[in-house]
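Undergrad: Pasting in a structure now, in structure tokens, and then I'll have a few things to ask.
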Amino acid sequence: MLTGAGPAIPATPWTLDKAAETWVTKTFAAMSLDEKVGQLLTPTFESSYIATDSEEFERLARLVKEQKVGGMLVFGGSEAVPSVLLNPAYGSVTLGNPLNAASMYNRLQALATVPLLNPADFEGGLGFRIKGGTRFPNNMAFGAVGDEQLAYESGRITALESRAIGVHVNFAPVLDVNNNARNPVINTRSFGEDPALVGRLGAAYVRGLRAGGMMATLKHFPGHGDTDVDSHLGLPIISVPRERLDQVELPPFREAIAAGAEAVMTAHIELPALDPDPNAPATLSRRIATGLLRDELQFKGLVYTDSFTMQAITNMLTPAEAAVKAIKAGNDMLLHSPDDVAAHAAIKAAVESGEIPLEQVNASVQRILRAKASLNLHRQKLVDLNAVATVVGARAHQRVVDEVSQRSVTLLKDEASQVPLRIPATASVLYLSSIDYPSTWRMGAPSRTLIPELKKRWPNLTAIELTDRTTRSELELVRAMAAKYDAIIVGTFVRTASFSGRMDLGAELVKLLRDLSRASSARQVPMVTVCFGNPYTASFLSDMPTLLVTYDFYDSAERAVARALAGEAPITGKLPIALPGQYPLGHGLQR
């Protein structure tokens with residue numbers, strides 16, 4: 001059992017008026033078993049342009065008209081790329097388009113007998129997947145600031161932009177407590193390693209989503225923070241005792257449920273302390289999805305699975321087998337099956353045979369209908385395409401992004417008080433864009449904003465990009481030419497990307513940075529290193545004389561760093577994680 005009473009859990013996350021209750025009752029009474037099973041499925045589509053007269057649209061239309069699916073999840077876009085050796089630089093993933101997404105949702109909604117409940121993975125705002133939408137910093141940047149109002153505002157703005165294109169459910173906030181420095185899939189997606197901070201900011205984000213008219217989905221239940229395996233590639237096992245789960249992983253979920261979260265996403269992770277059966281991740285475990293979440297935590301909202309295209313599931317089960325196990329476990333909504341038609345047929349057959357109780361399916365469908373009615377979808381299921389451009393990507397929304405980015409910059413170390421840089425505008429500056437590996441930067445090339453921002457302050461700037469594919473002779477050239485500059489700025493870009501399994505700089509590149517650090521100290525020339533993305537990168541750059549951390553990539557973080565280095569903005573961020581043996585939780589020098 002959980003220790004301590006904890007915050008009060010709402011009896012239900014949905015309060016409906018009389019007309020909405022009537023709609024739920026009548027709609028449910030008229031549904032066949034086929035229609036009920038369909039409500040449990042959430043297929044996906046991409047928000048690149050799709051013509052109505054196309055095979056892809058016909059495929060999606062069949063899922064709506066024949067399988068009667070409950071909703072459609074929107075992704076960004078993708079393009080075909082060659083699978084080749086020697087040149088790994090191609091990237092297939094692209095951002096989607098808000099008008100394309102809204103148009104597709106309207107066309108699919110028009111085909112739906114029961115309104116679609118549409119989710120999206122917008123944990124970083126609409127711009128996380130859709131071009132032109134507001135892209136918020138990673139959650140760990142919010143943890144470095146610690147301001148609940150900013151977390152609330154990011155949720156509210158995300159909700160406004162999402163509802164404008166026809167999305168009703170956000171797969172956020174991430175409530176995983178990142179207490180494993182080698183976590184390759186959560187990392188900066190977490191608010192930090194302090195359960196109280198994660199719960200406080202997560203609950204504020206939930207309230208913001210609700211204020212904007214959007215459902216929150218808490219993920220990844222019951223906690224994906226203490227693992228070094230990417231569940232996109234394999235099945236993580238978290239072997240900690242139940243007492244530790246009660247103290248670390250579960251409190252943020254309890255707090256966010258109490259704040260009114262309407263949905264929870266179960267994770268593809270094994271937790272032997274909760275379910276000792278082998279190959280029983282939370283998504284397939286009745287002990288976890290029902291026993292812990294429903295019975296013990298008294299959660300009354302919707303339960304989504306994580307994506308069933310992830311290898312943690314596809315390596316074990318066929319789409320049909322996985323679908324049946326997920327519903328038997330107690331999930332309401334099966335997300336992104338590799339074969340929605342096979343999943344539908346398998347679930348229906350399991351209900352008809354008695355393997356899945358009809359009463360359980362009925363309870364799930366009623367929850368789904370109540371969620372739809374709470375969002376007023378029974379009255380208005382289409383969006384105004386003309387209004388999309390008036391909401392998505394507004395300047396007021398970007399100002400919140402910029403504030404979080406600026407306030408989150410954290411100064412870990414500054415041995416010679418080099419920040420802000422006290423060098424004249426005429427100084428010659430060497431900027432090294434040091435990245436993990438050159439491929440798949442399709443949605444935002446490193447330093448694309450920082451270089452022009454630095455050049456505004458120091459026009460005599462030379463910018464060089466270094467990666468794990470930079471040759472030794474090229475590294476030697478950089479080592480030799482560095483002695484000619486009045487200052488050196490290093491930007492390190494290390495990702496923790498799904499399906500990657502990588503999260504470090506190349507060894508030769510780290511050696512170069514250490515050599516330059518010693519040489520610059522001997523010459524008494526400023527050298528500042530900034531860690532973009534994975535903050536744990538600072539752990540193996542500890543001998544750099546000056547270290548800053550941003551927890552994020554791309555434009556807003558890079559602009560914030562330029563302002564901090566030039567002394568145009570204060571530096572106030574605090575580490576929301578500890579760097580073991582170096583810097584404690586909450587560390588951060590002020591400027």
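Computed from the coordinates by the stated procedures, all read-outs in this text should not be read as laboratory data. In this text, all values refer to a predicted model and were calculated from it rather than measured experimentally. Note that each Cβ is placed from the backbone with ideal geometry, even for glycine, and that neighbours are counted across all protein chains shown.
Undergrad: Say a paramagnetic label sat at a point 7 Å from the Cα of THR22, along Cα to Cβ; which residues of region 107-141 have their backbone N under 20 Å from it?
TA: Under cut-off, by backbone N: 114-115.
Undergrad: Per DSSP H run of at least 4 residues, take -39500 (n - 2.57); add these up for the chain, divide by its residues and hand me the 222 nm value, nearest 500 deg cm²/dmol.
TA: Taking each H run of at least 4 residues, the total per residue is -10500 deg cm²/dmol.
Undergrad: Here's something else I'd like to know. Between the helical axis of 507-523 and the dominant principal axis of the chain, each derived from Cα atoms, what acute angle in degrees is found, rounded to the nearest 10?
TA: 40
Undergrad: Follow-up question, since we're still on this one. Output the 0 to 90 degree angle, nearest 10, between the alpha-carbon long axis of helix 472-481 and the longest principal axis computed from the alpha carbons of the chain.
TA: 50
Undergrad: For THR426, THR467, THR134, what's the fewest-to-most ordering of other Cβ within 10 Å of each Cβ?
TA: With the fewest neighbours first, THR426, THR467, THR134 line up as THR426, THR467, THR134.
Undergrad: Using a 10 Å Cβ count of at most 13 others and DSSP loop calls, identify the longest part of the chain lacking such GluC sites (Glu not before Pro).
TA: Segment 80-354 is the longest.
Undergrad: Cut-off is 10 Å between beta-carbons; in what order do LEU548, LEU126 appear when sorted fewest neighbours first?
TA: Lowest to highest Cβ neighbour count: LEU548, LEU126.
Undergrad: Write out the chymotrypsin sites (Phe, Trp or Tyr not before Pro) in region 452-529 meeting two conditions: DSSP loop, and at most 14 other Cβ atoms within 10 Å of their Cβ.
TA: Listed in order of number, the matching sites are PHE499.
Undergrad: Taking Cα atoms, how many degrees apart are the long axis of helix 319-329 and the longest axis of the chain, rounded to 10 and kept between 0 and 90?
TA: Taking the Cα atoms of the chain, the angle to 319-329 is about 80 degrees.
Undergrad: Hey, another quick one. Filter the trypsin sites (Lys or Arg not before Pro) in region 130-183 to those in DSSP coil with at most 13 other Cβ atoms within 10 Å of their Cβ, and list the result.
TA: ARG182
Undergrad: Treat each spin label as a single point 7 Å out from the Cα along the C-beta direction, and report the ASN460 to PHE57 distance in nm.
TA: 6.0
Undergrad: Tell me, in nm to one decimal, what length is gained between ALA389 and ARG469 on full extension, where the rule is 0.36 nm per residue of separation less the Cα-Cα distance?
TA: So the extension gain works out to 24.7 nm.
Undergrad: Another one. Can you work out the FRET efficiency for the pair GLN380 and LEU317, with r the C-beta to C-beta distance and R0 = 56 Å, to the nearest 0.05?
TA: That pair, GLN380 with LEU317, gives E of 0.90.
Undergrad: Find how much the distance from GLN298 to GLU66 grows on full extension, using 0.36 nm per residue of separation minus their present alpha carbon separation; answer in nm with one decimal.
TA: 80.1 nm
Undergrad: Report the charge-dipole magnitude of the chain in Debye, nearest 20, computed about the Cα centre from +1 at each Lys and Arg Cβ and -1 at each Asp and Glu Cβ.
TA: With only Lys, Arg, Asp and Glu charged at Cβ, the dipole is about 1280 debye.
Undergrad: Taking the Cα centre of the chain as the origin and placing charges on Cβ (Lys, Arg +1; Asp, Glu -1), which of VAL490, PRO420, TYR554 is farthest toward the positive end of the dipole?
TA: PRO420
Undergrad: Beyond 19 Å between alpha-carbons counts as too far, so tell me which of LYS36/LYS372; LYS65/LYS381; LYS68/LYS219; LYS36/LYS325; LYS300/LYS372; LYS413/LYS456 fall in that bin.
TA: Flagged as over cut-off: LYS68/LYS219; LYS413/LYS456.
Undergrad: Mind giving me the nanometre distance, one decimal, between the label points for PHE540 and SER239, set 7 Å out from Cα along Cα→Cβ?
TA: 2.5
Undergrad: Continuing with this model, one more query. Compute the FRET efficiency between ALA416 and ARG448 as 1/(1 + (r/R0)^6), taking r as their Cβ-Cβ distance and R0 = 35 Å, and round to the nearest 0.05.
TA: So the FRET efficiency works out to roughly 0.75.
Undergrad: Let me check against my output: what whole-number percent is the relative contact order of region 312-410, with C-alpha pairs under 8 Å and at least 6 apart?
TA: Value for region 312-410: 20 percent.
Undergrad: Can you compute the modelled spin-label distance between THR426 and ALA89, with each label point 7 Å from Cα toward Cβ, in nm?
TA: Here the answer is 3.7 nm between the modelled labels.
Undergrad: Using +1 at the C-beta of Lys and Arg and -1 at the C-beta of Asp and Glu, which of ALA204, VAL401, ALA282 has the Cα lying farthest in the positive direction of the dipole of the chain?
TA: Going by the charge dipole, the pick is VAL401.
Undergrad: Using the beta-carbon distance between SER521 and LYS484 and R0 = 22 Å, what value does 1/(1 + (r/R0)^6) give for FRET efficiency, to the nearest 0.05?
TA: After rounding to 0.05, the efficiency reads 0.85.
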